[in-house]
Amino acid sequence: MELIKIEGGKSLKGTVKIDSAKNSTVALIPAAILAESPVTLENIPQIVDVKRLGEMIGQLGGHYRYDGDGNEDFIIDSTGIENVPLLDGPVTKLRASYYFLGALLAKFKEVKIGMPGGCYLGPRPIDLHLKGFEALGATVEQDAGVIHMKAERLKGAKIYLDFPSVGATINIMIAASKAEGTTVIENAAKEPEIVDLSNLLNNMGANIRGAGTGEIRIQGVDRLMGTRHAIIPDRIEAGTYIALAAAAAEEVKIDNIIPHHLEALISKLQEMGVDIEVNTDSVTVRGKKTIKAVDFKTSIYPGLATDLQQPLVTLLTQAEGIGKVEDTIYSDRFRNCYELNKMGADIDVVGRTAIINGGKSMRGARVMATDLRAGASLVIAALIADGVTEIGNTYHIDRGYANIEEKLTNLGAKIWRETVEA
Ligand code: UD1
């Protein structure tokens, strides 16, 4: 078993450069297979999910390669792609593999794919995606974990989402970009990653208006062509390093970000008393001040992202007073709290709510990353704990945080990996 080990107590200082957004990238890669010539994604994040999506393109008979001095470009050539069923292997390892549903349906009018994997955060149905595809004219069959969709033709439709699901909005946008006529998605998700996808598809020749608002209009086109696209910065990686700096830094600049995407987090931290200076494309956090407990609820964008809830819970263990956190998006996203309690935290979880009794000293322990952002919350706890913390299930962390050892070592942390007997 591989462990990330961290010796806590170091005061962090310096600059950390944020990578491109994972949740954009994992939608952009499947969308790129609709282009009839290569698509180059600039500043690709060096995370495991990208490799897995690349492998899926390989399974389909397409090609991908890294380019540039630091492998920062990712080039997807889908000219040889065939409609091969994606039943096992990488498809089961990440949630975003479901974007191949929309992409292959648009390209071939038929798709067969295994159910997507990813973090367990409570039940994560994809009924809204499937209803959207049905509205566009597809028939959907599900059998033994395999989804099979077929359409004579895809025809634009008016689709109202019961909940503004990020994944369903993206999947319908991808499929509708090549449907006949106009599709209108009402109650669409507004996350920045949706705007990023819209920009890529429009540069490929699609006709999408309204991304970033609750109503997205997609006028289908016959053909899409290759392009170059610069991916937006990762607001969740940025938010994680901001929370980390608030907990463990003397002074850290979080660079290459769009602060506007992080407004809800920044105001919440200011309410806690964190010293945070906002600039055009960076923020600087000066830690070590007394911080006070706050309550918050996660919500859809522009509210406080559920993905930042777990890193913030770790910060609340250091605040004065009692903080109450409700996750309105996922029903089971508090499994990190049990691990934090092993390190000295005092957190009660009741249903979708965590009650954090702050001001606790943390100590090193062996803990498990139960999902990706749980991993981030444990890394933050380890940085402020006395002694050495050993974090297992490192593969979760590697799905979303590129070069985490290098980035933290550059800030003065003591972090390394070791493989031990399980
Ligand atoms: C995306 C992000 C994830 C983030 C989440 C919410 C990616 C790859 N992942 O996940 O990091 O935490 O947005 O911001 O971009 N739901 C249904 N039926 C559906 C679809 C969703 O009931 O068909 C429910 C989900 O179970 C969940 C809620 O809606 O409770 C939000 O899901 P959604 O916005 O779709 O999140 P994901 O796209 O899965």
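The values are calculated or read from the model by the stated rules, or taken from the named source; none is laboratory data. On a predicted model such as this, the values are computed, not experimentally measured, just so you know. So basically every Cβ, Gly included, is an ideal-geometry build from the backbone, and we count neighbours across all protein chains shown. Side chains included, ligands, DNA and RNA excluded: accessible areas come from the protein's heavy atoms. Shrake-Rupley method; radii C 1.70, N 1.55, O 1.52, S 1.80 Å.
Sparsely packed loop sites in region 25-124 (the chymotrypsin sites (Phe, Trp or Tyr not before Pro) outside DSSP H, G, I, E and B with at most 14 other Cβ atoms within 10 Å) comprise Tyr120. Largest to smallest in accessible area, the residues Leu378, Leu87 fall in the order Leu87, Leu378 (1.4 Å probe, all protein chains included). Within a straight-line Cα-Cα reach of under 16 Å, Lys13 can be paired with the following aspartates and glutamates, leaving aside sequence neighbours fewer than 8 residues apart in one chain: Glu250, Glu251, Asp255, Asp275, Glu277, Glu405, Glu406. In terms of accessible area, using a 1.4 Å probe and ignoring ligands and nucleic acids, Lys10, Lys107, Lys289 rank largest first as Lys289, Lys10, Lys107.
So what's the chain giving for Rg/Rh, alpha carbon basis, Kirkwood Rh from the mean inverse pair distance? A ratio of 0.98. In region 3-69, the alpha-carbon atoms span a convex hull of 135 Å³ per residue. Put simply, when 130-140, 350-360, 190-200 are sorted by average Cβ atoms within 10 angstrom per residue, most first, you get 190-200, 130-140, 350-360. Count Lys and Arg as plus one, Asp and Glu as minus one, and take only other residues whose Cβ is under 14 Å from that of Lys5; the net charge is then -1. Amide H contacts for Asp346 (H built 1.01 Å from N in the peptide plane; partners 5 or more residues away or on another chain; cut-off under 5 Å): Asn357. Shown in residue order for region 311-319 are the 3J(HN,Hα) couplings computed by the Karplus curve 6.51 cos²θ - 1.76 cosθ + 1.60 at θ = phi - 60°: x, 5, 4, 4, 4, 5, 5, 9, 7 Hz (x for Gly and Pro). When the solvent-accessible area of the chain is split by element, carbon and sulfur atoms take up 45 percent of it, the probe being 1.4 Å. Sequentially through region 373-385, phi angles give Karplus couplings (6.51, -1.76, 1.60; θ = phi - 60°) of 6, 4, x, 4, 5, 6, 4, 4, 4, 5, 5, 9, 7 Hz, Gly and Pro residues having no value and appearing as x. What net charge do the residues around Ala243 carry, taking every other residue with its C-beta under 13 Å from that of Ala243, with Lys and Arg at +1 and Asp and Glu at -1? My count for the surroundings of Ala243 gives +1. Taking θ as phi - 60° and the Karplus parameters 6.51, -1.76 and 1.60, the scalar couplings of region 249-261 work out to 9, 7, 7, 10, 9, 9, 10, 6, 10, 10, x, 4, 5 Hz in sequence order, x denoting glycine and proline. Near Glu320, the amide H atoms lying under 5 Å from its own belong to Ile291, Lys292, Ala293; only residues 5 or more places off or on other chains count, and H is placed 1.01 Å from N. Solvent exposure of region 95-189, expressed per residue, is 38 Å² of accessible area, with all protein chains present and a 1.4 angstrom probe. For region 290-411, the per residue solvent-accessible surface stands at 35 Å², with DNA, RNA and ligands left out and a 1.4 Å probe. Measuring with a 1.4 angstrom probe and ignoring ligands and nucleic acids, Lys112 comes out at about 90 Å² accessible. Note on Phe108/His63: beta-carbon distance plugged into 1/(1 + (r/R0)^6) with R0 of 22 Å gives a FRET efficiency of 0.75. For region 304-391, what's the relative contact order in percent, using C-alpha pairs closer than 8 Å and at least 6 residues apart? Value for region 304-391: 33 percent. Quick one: Debye curve from the alpha-carbon atoms of region 160-309 only, equal weights, vacuum; give me log10 I(q)/I(0) at q = 0.14 Å⁻¹ to two decimals. The Debye formula, applied to the Cα set alone, gives -0.74. Pairs over the 26 Å Cα-Cα cut-off, from the set Lys17/Lys292; Lys158/Lys297; Lys289/Lys407; Lys22/Lys360: Lys17/Lys292; Lys158/Lys297; Lys22/Lys360. Using all pairs of distinct alpha-carbon atoms, the Kirkwood hydrodynamic radius of region 242-330 works out to 13.1 angstrom. Scanning residues 5 or more positions from Thr15 or on other chains, those with amide H under 5 Å from its amide H are Lys253, with H placed 1.01 Å from N in the peptide plane. The Glu152 and Val84 beta-carbon pair, evaluated with R₀ = 22 Å, returns a calculated FRET efficiency of approximately 0.55.
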